[in-house]
Every structure is written in structure tokens, then in C-alpha cells.
Amino acid sequence: MAALAPTSLSKDPLSNGALTRIFGSRVKSLEIQQTQLRLWTCFRSNSGVKLKASAEPPALTREPKSDKQESIMEMGNGCDLFNEMKNNFLSFKKHKYMENLEHFQALSKAQAPKFMVIACADSRVCPSNILGFQPGEAFMVRNVANMVPTYESGPSETNAALEFAVNSLEVENILIIGHSCCGGIRALMSMQDEVDSSSFIRSWVIVGKNAKLSTKAAASNLSFDQQCTHCEKESINCSLLNLLTYPWIEEKVKKGELSLHGGYYDFVDCTFEKWTLDYKGSVMEGKNRVVVKNQSFWC
Amino acid sequence: MGSKSYEEAIEALKKLMSEKGELKASAAAKVDQITAELKTASSDGKPSDASVERLKEGFIYFKREKYEKNPALYAELAKGQSPKYMIVACSDSRVCPSHVLDMQPGEAFVVRNVANMVPPYDQTRYSGIGAAVEYAVLHLKVQEIVVIGHSACGGIKGLMSFPYDGTTSTDFIEDWVKIGMPAKTKVLADNRGEPLGVQCTCCEKEAVNVSLGNLLSYPFVRTGLVNKTLALKGGYYDFIKGTFELWSLQFALSAPLSVKDVATILHWKLY
């Protein structure tokens with residue numbers, strides 16, 4: 001990574017002929033800082049690629065301002081940090097992978113999931129947990145507030161995944177899952193000044209601005225929490241409409257090869273609501289409003 | 001309530017709506033929910049799609065075997081989350097961290113995208129991933145960010161195969177996986193002549209390191225690392241061999257070196 005090269009060598013007249021090195025990079029107001037980056041391999045179960053330390057710390061002969069040096073973690077200490085993950089992986093390997101070896105070996109050759117799922121990054125709402133998706137079943141995108149930007153908004157991580165899932169993997173269903181107490185939606189509803197984009201979160205959740213507008217129009221008399229709940233569901237529908245702005249998605253939906261669904265997980269009551277986009281109905285509404293069918297509520 | 005007939009109940013609701021029009025939105029949402037619930041429960045409803053039936057079974061299993069058996073945990077989670085990890089994993093259907101690392105609800109804030117990439121700081125182009133990192137580090141105060149790559153990654157294979165000669169064959173994919181270009185450059189230099197499969201495996205791991213490096217371009221990540229409230233790790237799940245590698249990024253700033261005498265420095269330089 002960052003490589004530091006000494007730019008000048010000269011004798012230090014003050015210290016009896018000892019060599020002093022002055023480093024040219026990052027000289028700021030006569031203070032010199034060094035950034036050390038090392039990649040250490042601590043835990044491996046399979047010797048593969050070896051990672052070497054990339055930058056050796058250069059020797060300092062001038063007295064540092066303070067005696068404290070940031071300490072670099074010892075190799076032995078570092079291994080404790082990995083124990084938890086190591087045990088979790090080994091548990092997965094023993095109870096799932098080895099018990100279904102043939103299945104995993106087939107999967108390793110190719111994946112053919114029927115679902116693409118777009119869910120929130122929230123730690124409480126992993127679709128594998130709440131809906132029981134097993135390895136190989138769902139191609140999953142997780143982002144803040146499970147949003148889908150429009151085709152016109154340009155390249156983003158979400159639409160690269162959409163393209164791959166729809167055009168390469170040819171999934172049959174796209175399911176967008178929203179949830180209760182969503183921090184991202186709350187941030188959207190709390191935003192005062194929509195122009196202010198000093199934070200990433202605000203720059204991103206603005207994708208859901210239509211949901212906020214329709215929430216304010218329909219539910220402004222409700223409490224803030226209730227408005228957030230309303231917005232969480234509205235946002236799913238907005239994202240469903242945004243999916244239709246992708247030509248290759250709309251084409252497949254029209255032909256009946258792809259179905260678009262919305263889902264809402266309420267983890268306060270532990271209920272799940274699910275609905276499907278009625279394409280023909282929504283088109284008749286000029287694609288400004290989502291018309292739904294096959295609504296179901298599981299509790 | 002139970003003794004009222006359906007008609008009486010509807011009449012009462014209509015009366016309330018005419019008195020308190022502001023409740024209409026809330027009432028509409030509740031009626032929708034009841035309708036859906038009743039439709040699901042009714043035995044002569046239309047038979048559902050097999051795919052959707054599968055989801056319903058999955059949810060009922062989760063509710064019965066997990067949610068109802070751990071009421072204390074789920075009650076706490078309903079109030080808020082405080083995950084220790086942020087994980088960046090690939091969208092590939094075979095590598096969900098909930099399976100591979102046995103992550104339970106509440107443990108990990110998980111971002112999944114094609115080829116588990118973290119782009120450099122850019123509020124215009126990459127606000128999505130930026131929002132996730134910002135939320136995780138500043139609001140949730142996660143202790144570790146783990147970027148996990150995996151074997152047979154379609155996104156990395158694309159990166160290694162796309163010509164990047166000015167032509168494009170995709171709307172978005174080529175643009176996205178280009179984030180890993182430094183990894184491709186390094187792998188091609190170090191593994192010239194090797195078959196594509198070998199190069200891809202090397203790139204899958206090197207791309208994780210590129211993402212770890214890109215994380216350093218987020219000021220709040222750097223602050224967390226310097227203050228030792230945050231650590232960065234890279235991982236590689238090989239589902240062909242059934243192995244997992246994990247490594248950490250060591251980051252440190254040494255104490256600054258202060259040189260007080262400008263004239264002396266200039267004097268040395270002229271020497």
C-alpha cells in the first residue's frame with residue numbers, strides 16, 4: 001500500500017556524524033508522520049496465497065515528541081480476535097456443509113437461485129434467518145433501507161446486482177423486504193433540508209423521497225413513529241415502481257417471466273406481510289401507483 | 001365486540017370515519033391488513049405460487065423455532081440493534097454470512113453487493129455503500145468491518161474477462177466491478193500466463209484487500225482505526241474446498257516527528 005521513500009540523506013551536524021533521514025512524503029507544518037500498513041495473516045485453515053508485510057517501518061533517529069508510540073498488535077494477541085468467527089465457521093461446516101456435501105458440491109459449480117432479494121442491512125432482518133433461504137436459493141442485495149434507485153440515476157451497487165440477477169442468473173422473482181423501526185427510513189423522514197448532503201446517509205435515502213412525499217400527504221396527522229411505519233411500506237412500493245424503470249426488467253415482467261413482490265417484516269409483533277405487483281393494473285395507473293395482488297399476512 | 005354482526009361493525013367504522021376524517025389513512029391500512037389476513041386464512045382462496053409457499057413455510061418455521069423460543073432476545077432486538085460486526089459480502093446465493101458464519105439476528109450489519117466491493121469515498125457515485133459504512137461506524141458503532149470474498153465469484157470473473165477497451169456489454173456491471181481494477185492489474189502482473197481460473201482465485205482475494213484499502217478513504221473509518229474503536233478484517237470463503245481464511249489489516253500512526261528549527265533543516269538540505 002503506501003510506500004514511503006526517503007528523499008534526502010544528510011549528515012546531522014548535531015549528533016556526531018550519525019545519519020539522519022528526512023522523509024519527503026507528508027511533510028505538514030514541519031511535522032512528519034508515517035503511516036504504517038501491514039497485512040498479517042493470522043488464521044488459516046488452508047495454505048493458499050501468502051500475504052507479505054508491505055512496508056517496513058523506517059528508522060527514526062530524531063527524538064519523537066512523545067515517548068508513546070502507537071503499539072502494533074502482537075501476533076499472539078491477534079489470534080484471540082478470530083476465535084469467535086473460527087468457531088462459527090467450523091459449526092457451519094460441521095452441521096450444514098458436511099451434512100449436505102453433495103448439495104454443496106453441486107452448488108459450487110453453479111448457482112441457480114429463483115429469487116433475488118433486496119433487504120435492509122439491519123442486523124435483525126437477514127432473509128436467510130426470517131424466511132429460511134438456504135444456500136443457493138436467493139441472490140441477495142442488502143443496503144440501507146432496502147432501496148432501489150431508478151435506472152436513470154446511473155450506476156450503483158444495487159443496479160449492477162439487478163442486472164446480474166435478471167440478465168445472467170435469470171431469476172424468476174424479485175422480492176423487496178422492508179421492516180419495522182428502520183433507521184434509514186427514520187433518517188429520511190427526519191431530514192429537514194433535502195439539499196443538504198453533508199452525510200452519505202442523507203445522499204442515499206433521498207432515493208425514497210417520493211415515499212416521504214406520499215406519506216406526508218396521506219398520514220401527516222399520525223405520530224412520527226406511525227408515519228415512519230407508513231413510509232417503510234410506501235418505500236417498498238416506490239422501489240417496486242423504480243424496478244419497472246429498468247427496460248430489461250419491465251420486458252420480463254410484461255412477458256410473465258419475472259414477478260415483483262414486496263414484503264414487510266414487523267419484528268415487534270413478528271408478522272410478515274407479502275404482496276405482488278400487478279403489472280397490468282399498475283400500468284393502467286400510469287405506473288404512478290402500485291396496484292397489488294396476492295396479498296397475504298403471516299402471523 | 002364478538003357479538004356484533006359484520007354490518008354493525010362496518011356501520012360503526014363508517015360513523016367514526018365521518019366524525020374523524022383524519023383517521024382514514026390509518027383505518028385504510030388496518031382494513032388492508034385484515035383483508036389480507038382473512039384471505040390467507042380462507043380455505044377456498046386461490047392456491048399460492050410454490051415459491052411463495054416456500055417463503056411462508058420459512059417464516060412460520062422462524063417464528064416458531066426461533067422467535068417464540070427466545071422472547072427475551074427478540075424483545076431486546078425490537079428496541080434496538082447493536083451489532084459488533086459490519087460484514088460486506090457478495091450477493092451470491094451461496095455465501096450468506098448468516099449461514100457461513102452462523103450470524104444470528106442482531107450480530108452483524110450486513111451489506112451485500114456484486115463481488116463484495118467497497119469503492120473509495122465518493123458521495124455522488126457511491127452514496128449507497130457510503131451510507132452503510134457511515135451508519136455502521138458512526139451510529140451503530142460496530143467494532144469490526146469484515147469484507148468477505150469467495151470462490152467462483154461471477155463478479156470477479158467478469159472483472160478479469162471484460163476488456164475495458166472503451167466498449168461495454170453491460171449497463172452497470174462493468175462499471176461496478178471496475179472498482180477492483182487495482183487487484184486485476186496486480187494479479188495479471190504476478191500471474192502472467194496462468195489459466196483464468198487461477199488468476200480469478202488470486203483476484204478474488206486481492207480484491208478484498210483493495211476494498212479494505214478503500215475503506216481507509218472514509219475519514220470516520222480512519223478515525224475509528226486510530227482510536228482503536230474499529231478494526232478491519234478480510235476473509236475468503238472457498239465453497240469448493242469448504243475452507244475459510246481470515247486476516248486483519250494492521251493500521252497505525254506513529255507519534256509525529258516534530259522539527260522545530262526550519263533554518264537547520266534547510267541547512268541540512270543544502271549540505
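Assess whether residue B:144 counts as being more than 20 Å from residue A:140 (Cβ to Cβ) and in contact with a strand residue (DSSP E or B) (Cβ under 6 Å, 6 or more places away or on another chain). It is true that residue B:144 is more than 20 Å from residue A:140 (Cβ to Cβ) and in contact with a strand residue (DSSP E or B) (Cβ under 6 Å, 6 or more places away or on another chain). Residues in the range B:6-18 that are more than 47 Å from the chain's Cα centre (by Cα) and open to solvent by 100 Å² or more (accessible area, probe 1.4 Å) were compared, and the one that is farthest from residue A:222 (Cα to Cα) is B:7. Kindly evaluate residue B:156 against the criterion of being touching a residue at least 24 places away in the same chain (Cβ under 8 Å), more than 22 Å from residue B:245 (Cα to Cα) and outside any loop (DSSP other than H, G, I, E, B). The answer is no for residue B:156. The combined condition, being at pLDDT 50 or above, open to solvent by less than 50 Å² (accessible area, probe 1.4 Å) and within 9 Å of chain B (Cβ to nearest Cβ), is not fulfilled by residue A:98. Does residue A:118 count as out of contact with any Phe, Trp or Tyr (no Cβ under 9 Å at 6 or more places or on another chain) and open to solvent by less than 10 Å² (accessible area, probe 1.4 Å)? Against the criterion (out of contact with any Phe, Trp or Tyr (no Cβ under 9 Å at 6 or more places or on another chain) and open to solvent by less than 10 Å² (accessible area, probe 1.4 Å)), residue A:118 qualifies.
Just one of the numbered conditions (1) open to solvent by less than 70 Å² (accessible area, probe 1.4 Å); (2) under 24 Å from residue B:140 (Cβ atoms) is not true of residue B:56: (2). If the condition is being of a type in the set (Gly, Ala, Ser), closer than 30 Å to residue B:155 by Cα and more than 8 Å from chain A (Cβ to nearest Cβ), then the range B:72-93 contributes only B:89. Scanning the range B:169-190 for residues that are within 11 Å of chain A (Cβ to nearest Cβ), surrounded by 13 or more Cβ atoms within 10 Å (Cβ to Cβ) and closer than 28 Å to residue A:248 by Cβ gives B:170, B:171, B:172, B:173, B:174, B:175, B:176, B:177, B:178, B:179.
Among the conditions (1) more than 25 Å from residue B:245 (Cβ to Cβ); (2) outside any helix (DSSP H, G or I); (3) among the small types (Gly, Ala, Ser), residue A:123 misses just one, which is (1).
In the range A:199-221, what residues are free of Cβ contacts under 8 Å to residues at least 40 places away in the same chain and open to solvent by less than 30 Å² (accessible area, probe 1.4 Å)? Show your work before the answer.
The initial filter retains those residues of the range A:199-221 that are free of Cβ contacts under 8 Å to residues at least 40 places away in the same chain, namely A:199-200, A:202-203, A:206, A:209-221.
Of everything in the range A:199-221, those that are free of Cβ contacts under 8 Å to residues at least 40 places away in the same chain and open to solvent by less than 30 Å² (accessible area, probe 1.4 Å) turn out to be A:199, A:200, A:203, A:211, A:212, A:215, A:219.
When the range B:61-84 is filtered for residues that are outside any loop (DSSP other than H, G, I, E, B) and crowded, with 22+ Cβ neighbours inside 10 Å, only B:77 remains. On the stretch given as the range A:126-161, residues that are under 17 Å from residue B:100 (Cα atoms), within 8 Å of chain B (Cβ to nearest Cβ) and not in a strand (DSSP E or B) total 11. The residue that is nearest to residue A:86 (Cα to Cα), among those in the range B:94-104 that are open to solvent by 10 Å² or more (accessible area, probe 1.4 Å) and at the interface with chain A (Cβ under 7 Å from one of its Cβ atoms), is B:102. Does the range B:35-43 contain at least one residue that is open to solvent by 50 Å² or more (accessible area, probe 1.4 Å) and modelled with pLDDT of 90 or more? No, that holds for no residue.
How many residues are among the small types (Gly, Ala, Ser) and under 26 Å from residue A:125 (Cβ atoms) if we restrict to the range A:283-299?
1
Taken together, the residues in the range B:191-249 that are open to solvent by less than 10 Å² (accessible area, probe 1.4 Å), more than 17 Å from residue B:87 (Cβ to Cβ) and not in a helix (DSSP H, G or I) amount to 1.
Only helices (runs of 4 or more DSSP H) whose full extent lies in the range A:195-299 are considered here, and the ones with at least 2 residues that are within 12 Å of chain B (Cβ to nearest Cβ) are A:200-205, A:209-219, A:224-243, A:247-255. Does residue A:172 fit the bill of being without any contact (Cβ under 8 Å) to a residue 40 or more places away in the chain and among the acidic types (Asp, Glu)? Criteria not met by residue A:172.
The values are calculated or read from the model by the stated rules, or taken from the named source; none is laboratory data. No experiment lies behind these values; they were computed from the predicted model shown. Counting neighbours? That spans all protein chains shown, and the Cβs are built from the backbone with ideal geometry, glycine included. The accessibility values were calculated without ligands, DNA or RNA, using every heavy atom of the protein model including side chains. Shrake-Rupley method; radii C 1.70, N 1.55, O 1.52, S 1.80 Å.
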